[in-house]
Amino acid sequence: MSNCYDSDEDYASSSQSKSSYNYSGDNRIYSDGRGRTAHRAKLRFVKLLDVIMVSIPFILAWSLYYSHTVYLKEFFRKGNWLIIALFVIVYYMFSHLYQGYTLHISRISELIYAQTLGVLITDGIMFIIMWLLIRHVPNILVMLLMFVAQFLLIVLWSKTAHRWYFKHNPPIPTAIVYDELEGVEKLISYYGLDSHFKIVKKISIHQLHGQDWYFITREERHKRELIYVPEVLDDVDAVFLCALHSHDRNQFVKYCVNKDITSWCIPRIGDVIMSGAVKAHLFHLPMLRVGRYNPTPEYLIQKRVFDIVVSGLALIVFSPIMIILALIIRMDGGTAFYRQKRLTKDGKVFEILKFRSMRMDAEKDGVARLSTGEADPRITKVGRFIRACRLDELPQLFNILKGDMSIVGPRPERPEIAEQYKQYLPEFDLRLQCKCGLTGFAQVYGQYNTTPYDKLLMDLMYIAQPSMIEDLKICFATVKILFLPESTEGVAVGATTALTQDAVGCESQDTRYGMPNKTKPD
């Protein structure tokens, strides 16, 4: 990397002319001349086009057919506008939740999937509302024709908007600064983001520090920082800060904010804990109060009521399916259910209930091990199906109704596997601050084989900001991953846990980042 200093002499000679950062307040533009405000305005307009296009089939279906079947004649005029506005708002909310508008970081297929799922849910909600207004089942054929038109428009918008974006927005020059954790450039390529990020610099923070970093004075360290931070960020529009310690990260972030450079920070455990700090004022000084998970009584009551209502209704709705599955699994040999000890709040042990998806002797050697996915010979034929559809999790609704679990929370870990994780990651118990859940932040944004460190980070992100809004967002976001096979990808063949040789502790290589394991084809 050019302009980065490898020797103390280089730093010393350059530091003569620099005593502080040049925190300018001039308007930032991209390196290719694009103004950020104009750029965001264009994106808003493109997103608005999608909402208008997808809403047109619904507006036509409602105006030309469904509105004439409403039994309340007084509903017309304002009522029609209310229905159309409701569709627009709900569709935008779900498409935004499922990242249907992230043109800069999503593939065309991902945009189509997210928006299609959003419009399906929106159409379903509107179908129920029309059912109530019409007082009989609405014509399903019209709804199907409407959805086909919406899907075609989504495909058209996704392809056109994606191509437009990358035609007029070339990859932005990007730097990577890492500590012990490197490999972001591989992720950028693997997930197709090299069309948005152009890696022009990659350097270790230790290389920037120099070999004598821990033997020089604080003033000398500060002089070096005044040189290497601007040099690394020169002529870039974005930077990835990969698990840097807080002091090093802060030097880069402060400079990025003042120079309007986008920084993407991969956090450490302490960073995530600090994200839940409460702003306070004490001694006439600004402070951040950090403590253990301690949500308000109102939130806990709302959460428990939500758990009881949702799990009770779900048991009623899915009871026929559960009975059929239980009979099929029994016919396959062995019991329909199995119980397994898991950990919940404060390390309390409880027995989780699931449909059996493996052979009766799956752990006859007494060793607790995670599934390796499709390559696992212990999984039965019926088990492969119910695991792919997540139907094996349905009996956990009884655990939720009983109070052992919640709808949303960190997934419960087996005590034996948790002990193995704690040997390398003592902080793993921090995820036990709240009650475990059927779904959670790590399940929505991670995978089955997510490394323990990443799982802990994501669970702490949820614990740091407890709210019913966040719980509802996770519930709806869970729908998106139900049909994504990678979310249930197993651990590597031969491994018993998600803790691999390359993913030990807090920093590692590809597996630390969630790169595909060796059982997944390229």
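No lab work stands behind these numbers, since they all come straight from the coordinates. Quantities reported herein were computed from a predicted structural model and do not represent experimental measurements. Methodologically, a virtual Cβ is constructed for each residue, glycine included, from the backbone with ideal geometry; neighbour enumeration extends over all protein chains shown.
Annotations for the structure displayed:
- Order of 105, 469 - criterion: other Cβ atoms within 10 Å of each residue's Cβ, fewest first: 469, 105
- Spin-label model, residue 78 to residue 246: label points 7 Å out along the Cα-to-beta-carbon direction sit 5.5 nm apart.
- With both labels modelled 7 Å from their Cα along Cα-to-Cβ, the residue 264 to residue 194 distance reads 1.4 nm.
- A Förster radius of 35 Å, combined with the Cβ-Cβ distance separating residue 318 from residue 49, puts the computed FRET efficiency at roughly 0.35.
- Interchain or long-range residues, amide H under 5 Å from residue 436's placed H: 345, 406
- Lys/Arg +1, Asp/Glu -1 at C-beta; segment 47-167 dipole; positive extreme among 132, 161, 64: 161
- Highest-first packing order for the peptide set 250-259, 289-298 is 250-259, 289-298, based on the mean count of other beta carbon atoms within 10 Å.
- Looking at segment 38-143, the trypsin sites (Lys or Arg not before Pro) that sit in a DSSP loop and have at most 12 other Cβ atoms within 10 Å of their own Cβ are 77, 135.
- Legend: distances between Cα atoms for 223/254; 47/303; 422/473; pairs beyond 22 Å are 47/303; 422/473.
- Sequence-ordered 3J(HN,Hα) estimates for segment 161-174 from the Karplus curve with 6.51, -1.76 and 1.60 and θ = phi - 60° stand at 5, 5, 5, 4, 4, 7, 6, 9, 10, x, x, 8, x, 9 Hz, glycine and proline given as x.
- Length gained on full extension, residue 141 to residue 401: 89.8 nm, using 0.36 nm per residue less the C-alpha separation.
- Ranking of 84, 379 by count of other Cβ atoms within 10 Å, fewest first: 84, 379
- The length gained by stretching the chain between residue 59 and residue 340 to full extension, at 0.36 nm per residue less their Cα-Cα distance, is 96.1 nm.
- Label positions at residue 277 and residue 304, each projected 7 Å from the Cα along the C-beta direction, are separated by 3.3 nm.
- Residue-count net charge about residue 196 - beta-carbon cut-off 12 Å; Lys, Arg +1, Asp, Glu -1: 0
- The separation of segment 279-358 from segment 124-156, counted between C-alpha centres, amounts to 33 Å.
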